[in-house]
Every structure is written in C-alpha cells, then in structure tokens.
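Here, each number is a calculation from the coordinates, and none is a lab measurement. Keep in mind that what you see is a predicted model, and the values were worked out from it rather than measured. Cβ: placed from backbone, ideal geometry, glycine included. Neighbour counts: every protein chain shown.
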Amino acid sequence: MRWLQKEVDSDTVPAPASGPLDLGPSGGPTAPTSGHPQPPLGTDSGPSGARGRQEDAGRLVRVAHMLQGCRTLGPGARSVVWVRGCARRCPGCIASPILDDGPSLVLRPDELAARLLATADEGVTFSGGEPFEQAQALAAVGHVLRASGRSVMVYSGFTLDELRSSSDAGVQALLDVTDVLVDGPFERERQADLLWRGSSNQRVHLLTARYAHIASSLDAAGAGVELRVDSEAGLFWAGVPERDFVGQLRRAAEPFGIILTGREGVWA
Ligand code: SF4
C-alpha cells in the first residue's frame with residue numbers, strides 16, 4: 001500500500017518534523033525546540049484552549065502527513081501520523097511548517113482508524129504538532145486500534161505530569177489508550193543520541209504492559225533515521241536525527257552528483 005500521504009489542496013510538500021524532509025524531528029516527533037518553558041495545560045496555549053478554538057477539533061483529526069512501516073519512531077513497524085497544529089510556539093521549534101492551520105487531510109476518527117488498520121503495522125505513533133491538542137479525536141482512533149490489538153505511541157511537548165493534571169477529558173482519554181508516551185519538548189542544549197527522542201529531558205513512558213519487555217532497552221542509542229524517496233513528496237526522512245543531519249546528508253550526497261536543495265529542508 002502506498003501511503004505517504006500528501007496534504008490535500010496544497011502545492012507544497014509538508015514538512016512535519018521527523019517526516020518529509022524537514023530540518024529536524026518533531027521533538028522526536030513533537031518538534032525539537034530550544035527548550036523554552038512550556039505553558040501549562042488548560043490555558044489558551046495548552047491542549048484545551050487550542051482545541052476550543054477549533055470548531056471541529058473534538059470530532060476530526062487534522063493530519064499534516066502520514067507514513068506507514070516506519071521503524072525509527074517506536075517499537076516495531078509503525079504507522080506515523082503527524083497532526084497539524086500546535087499553539088505553544090516553543091522557540092526553535094523546527095516543526096514550524098505544521099504548527100499553524102494549513103492544508104491538511106481532515107479525517108473522522110473512524111476514517112483514520114480504518115486507514116491505520118488497513119496496514120500490517122503493529123501500531124501507530126501520533127506526532128506533530130501537538131497530538132494532545134486533538135486529544136479527543138485521537139483518543140477515538142486509539143481506542144479502535146487498541147481494540148484491534150494495535151499499539152499506540154504518542155509524542156507530546158507536555159510532560160506526563162502536566163498531562164495527568166489536566167482537567168480535559170480528551171487528554172485523559174488519549175492517555176488511557178496510550179501504550180508509550182514520549183514527553184517533553186526537545187531541548188537543543190540537551191541534545192543526545194537516545195532511543196526515539198532527541199534530548200535528555202525527554203522521557204519514554206511505558207504506560208501499559210504492552211512493551212514491558214523493552215523497559216531495560218530504553219536507554220539504548222537512537223534508532224536512526226529512515227530515508228525514503230516518494231514520487232509525490234520527494235526525498236523525506238523519519239526519525240530523530242543527529243545534530244546537523246541535513247548538512248551531513250547534503251555533504252554525503254554531493255560526491256555522487258546529488259544536490260539537495262529545498263525550502264525548510266524539504267527536498268522534493
Ligand atoms: S510543543 Fe509545539 S511548538 Fe513546542 S516543540 Fe512541540 S510542536 Fe513545536
């Protein structure tokens with residue numbers, strides 16, 4: 001199944017972090033940032049407020065990009081959904097192309113769940129953007145996937161404590177269907193080569209017993225970056241890259257006569 005999902009109604013190639021070639025991961029997948037303090041949940045900058053500004057936020061998922069069969073953003077082969085939108089604006093966030101409203105694939109939770117279940121992947125990883133800004137709809141997706149034996153992993157710029165202290169029912173619902181949570185924003189000064197995350201402040205939380213068998217492996221080195229070539233999106237990557245990954249890639253390609261160019265690291 002071909003499944004690199006290009007945004008609808010757009011002539012541009014989206015550049016979600018850790019997705020199609022962007023200049024870095026989305027915090028792992030919630031975008032790496034300079035580690036600026038985060039606003040608390042329940043404010044206009046948090047999931048509740050942001051969702052309140054979206055008329056359909058509780059019912060629909062705004063997807064910037066999707067990928068299937070990814071092995072660098074969670075255990076096993078996973079579908080990855082980069083959701084659009086994040087109200088927090090951490091300085092240095094490199095997921096900026098998908099932080100605002102823009103061309104998106106807007107799906108009902110059952111539609112997105114059906115697409116995910118049509119793959120052979122063992123689960124889904126929600127990245128962004130900030131998945132907890134669309135928590136209610138993503139929780140519905142996660143519920144269907146979990147009922148079908150698939151696993152759910154979520155990246156968030158919020159910490160687990162912040163999420164757990166939220167009074168937002170959608171936030172709690174998404175936590176309830178999450179097997180693995182990678183929390184906290186990327187902090188450039190704490191960048192490290194760590195499994196599924198970009199900086200040492202970020203934590204991998206096993207919220208269910210599903211992946212208890214990998215608990216002793218979470219301090220391993222990073223899972224690397226997948227590079228793919230797609231006729232629609234061009235060259236893109238998925239994963240948590242090392243510092244100057246794009247520069248390294250550009251320099252490595254040049255001896256072969258391959259010149260990588262593009263805006264915001266999107267090389268199409
Ligand atoms: S929380 Fe939002 S602004 Fe901050 S790093 Fe993540 S995606 Fe970027």
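A few points about this structure:
- Contact order, relative form, for region 146-268: 17 percent (alpha carbon pairs under 8 Å, 6 or more residues apart, mean separation divided by residue count).
- Mean Cβ neighbour count within 10 Å, used as a protection proxy, ranking 124-134, 182-192 highest first: 124-134, 182-192
- Whole-Hz couplings from phi, Karplus 6.51/-1.76/1.60, listed for region 203-216; x for Gly and Pro: 10, 9, 10, 8, 8, 10, 7, 3, 10, 4, 5, 9, 4, 7
- Close amide H partners of H205, meaning residues 5 or more places away or on another chain with modelled amide H under 5 Å apart, are L181, V182, D183.
- For region 120-132, Karplus couplings with θ = phi - 60° (6.51, -1.76, 1.60), whole Hz, Gly/Pro x: 9, 5, 7, x, 10, 10, 8, 10, x, x, 10, x, 6
- Square roots of 5 times each gyration tensor eigenvalue, C-alpha, region 167-268, largest first, Å: 32, 17, 14
- Per-residue HN-Hα couplings for region 160-172 [Karplus 6.51, -1.76, 1.60; θ = phi - 60°; Hz; x = Gly/Pro]: 4, 4, 4, 5, 5, 8, 5, 8, 6, 5, x, 4, 5
- Under 5 Å from the amide H of S166 lies no amide H of any residue 5 or more positions distant or on a separate chain, with H modelled from the backbone and absent for Pro and chain starts.
- Cβ-based exposure ranking for H213, H143, in which fewest neighbours within 10 Å come first: H213, H143
- Highest mean first, the peptides 249-259, 196-206, 163-173 sorted by other C-beta atoms within 10 Å per residue fall in the order 196-206, 163-173, 249-259.
- Take the Cβ atoms of E254 and D193, set R0 to 25 Å, and the FRET efficiency comes out at 0.50.
- Calculated FRET value between D219 and A147, using beta carbons and R₀ = 22 Å, to 0.05: 0.10
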